[in-house]
1. Taking θ = phi - 60°, what integer Hz values does the Karplus form 6.51 cos²θ - 1.76 cosθ + 1.60 yield along region 21-37, in sequence order, with x for Gly and Pro?
2. Could you check how much of the accessible area of region 5-62 is carbon and sulfur, as a whole percent, using a 1.4 Å probe?
3. Tell me the net charge near residue 25. Cut-off is 10 Å between Cβ atoms, residue 25 excluded, with +1 for each Lys or Arg and -1 for each Asp or Glu.
4. Show me the ranking of peptides 36-44, 58-66, 2-10 by mean Cβ neighbours inside 10 Å, starting with the highest.
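The values are calculated or read from the model by the stated rules, or taken from the named source; none is laboratory data. Values in this document were obtained by computation on a predicted structure and should not be read as measured data. All Cβ positions, even for glycine, are placed from backbone atoms using ideal geometry, and neighbour counts span all protein chains on display. When the accessible area is computed, the model is the full protein with side chains, heavy atoms only, and any ligands, DNA or RNA have been set aside. Shrake-Rupley method; radii C 1.70, N 1.55, O 1.52, S 1.80 Å.
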Amino acid sequence: MVLLSAWQAIQAMHLRRNTLMVGMGFAAFMGILAIMIHSSVDFNLQIPSNAAYFICMMALGWLARYLPTLAGASLRRPLPASRCPLPEKDKGDASRLPLPAARKR
């Protein structure tokens, strides 16, 4: 379950476009990793507050991956180049891509 939650957090970092969800995935993965490292040398999860924190970090990984966001969320990052291929005629030179039209005020 722990590794599956960490994997969901990593998938959220790779697949989500909303920067808030990407940040949540990163925070969840780093929290899970920190507790796992600390648990390898100490009996850290016997303390109830640390165990509750660990469960929250695992849940945060799942939420970052599957929690829906608003359709018009303004905190969007662009798709990676591997996920949005250029048309065949423009594959050699990305500088010839059209710029977005200016908004009229």
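1. Here the 3J(HN,Hα) series is 5, 5, x, 5, x, 5, 5, 5, 5, 5, x, 5, 4, 5, 5, 5, 5 Hz.
2. Values: 2430 of 3210 Å².
Heavy-atom surface of region 5-62 belonging to carbon and sulfur, 1.4 Å probe: 76 percent.
3. On the way: positive: 16, 65; negative: none.
Net charge in that neighbourhood comes out at +2.
4. Working: 36-44: 11.9, 58-66: 19.4, 2-10: 17.0.
Sorting 36-44, 58-66, 2-10 by mean packing, highest first, produces 58-66, 2-10, 36-44.
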